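I have placed the structure first, in the form of structure tokens, so that the comments after it can refer back to it.
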Amino acid sequence: MAIIAVLNPHPGVGATTTALNLLAAIARRGQRPLGIDLDPRGDLTRAFGIRAPLAEDSVCGFFAHGQPLGDIAQISRSGVVLCPAHADLAAVGARLGKGIDVVTRLRRALRKPNAVTGPVVIDCGPGLGVLALNALFACDRLVVPVSGEEAARDGAGQVERAVAALEPVLKGKLPRHYVLTRCDVGSVAATDDATERLAERVPRAAICAARIRESDELAASLAAELDIFRHAPESAGADDYLALVDELVGAGLT
Ligand SMILES: Nc1ncnc2c1ncn2[C@@H]1O[C@H](COP(=O)(O)OP(=O)(O)OP(=O)(O)O)[C@@H](O)[C@H]1O
Ligand SMILES: [Mg+2]
């Protein structure tokens, strides 16, 4: 079963929007995806209308006390199962250290036989700390949203370097999917330019054909704590995320 980490060390690129709508689009395909929120700010948790008032009922419980993921998972009103984040996750992460045993903790939990029954989507906050490293080690596929800023492309370059360091340890290839987000469709030249600049930092073949356009509905849907298919099913944002999932499925997502 696929384990997808959504990650760009640069903040504000649309990572949570992408994780939210990938989970929703996968659920619409009839699968039962599991979301994991690894950002202490809990944006994905909120977007699903879920709250974890106590740290031990969140992914903090998993990292700090070895709680099984199944014990902290909650079902959202849209039917997606989510392991929620909690503000204490920042402190928990800082205390964990970065030994191989620590950075592979999520990998071991998710890859136990029968641990998951559908695709997993992990939302990472900014940076490449121990929580993001857990996602990198756990996943079998990376989705890297890249908005139009130079710093977002630099973040994509950082991901490439991290993967290059990781692959020899994992003794395998980690497929990456770089997705242009917040694209200005009115300007083909600007989008082509963003693609060319991104291709200076990451393999061109890893840049998705599907692009996520700048969309008021996408911005409003996150604020309204709804995925785009519930908030504005006929919008460009809904079309773009369905196209992205189709492309990932074409690339082997199961
Ligand atoms: N395609 C889009 N069109 C318009 N607004 C968008 C789009 N994608 C994301 N946004 C908005 O941009 C902001 C950042 O998006 P989001 O929270 O998904 O990014 P992030 O990478 O997870 O940020 P953070 O680093 O804070 O976790 C939000 O206000 C969101 O609504
Ligand atoms: Mg986020």
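Each value in this text was obtained by applying a stated rule to the coordinates, not by laboratory testing. Predicted model only: the values in this text are computed from it and were never measured. Cβ sites come from the backbone with ideal geometry, for glycine too, and all protein chains shown count toward neighbours.
Quick rundown of the values:
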item	result
Calculated from backbone phi, Karplus (6.51, -1.76, 1.60) coupling profile of region 118-130 in Hz, x at Gly/Pro	x, x, 10, 10, 10, 9, 9, x, x, x, 10, x, 5
Förster radius 45 Å - calculated FRET efficiency between MET1 and HIS65, Cβ distance, rounded to 0.05	0.95
Relative packing of 202-208, 47-53, 13-19, which averages over residues the other C-beta atoms within 10 Å, highest first	13-19, 47-53, 202-208
Selected from VAL159, THR18, VAL120, residue furthest toward positive end of dipole (the chain; charges at beta carbon)	VAL120
Region 1-27-region 118-134 distance, computed between alpha-carbon centres (Å)	9 Å
Sum of side-chain charges, TYR178 neighbourhood, beta-carbon under 11 Å (Lys, Arg +1; Asp, Glu -1)	+4
Neighbour net charge for VAL59 - beta-carbon separation under 15 angstrom, K R +1, D E -1	-1
Ellipticity estimate at 222 nm from DSSP helix runs (n ≥ 4, -39,500 (n - 2.57)) divided over the chain, nearest 500	-13000 deg cm²/dmol
Gap separating the Cα centres of region 40-89 and region 166-209, nearest whole Å	30 Å
In Hz, Karplus ³J(HN,Hα) per residue of region 220-230 (6.51, -1.76, 1.60; θ = phi - 60°; x = Gly, Pro)	5, 5, 5, 5, 7, 6, 9, 6, 5, 6, 8
Over the chain: Kirkwood hydrodynamic radius from C-alpha pairwise inverse distances, Å	18.0 Å
Stretch gain in nm, segment ARG29-GLU149, where the contour uses 0.36 nm per residue and the Cα spacing is subtracted	40.0 nm
Rough spin-label spacing in nm, given labels placed 7 Å along Cα→Cβ, for GLU56 and ILE100	3.3 nm
Dipole in debye (nearest 20) - the chain, about Cα centre, beta carbon charges: Lys, Arg +1; Asp, Glu -1	1040 debye
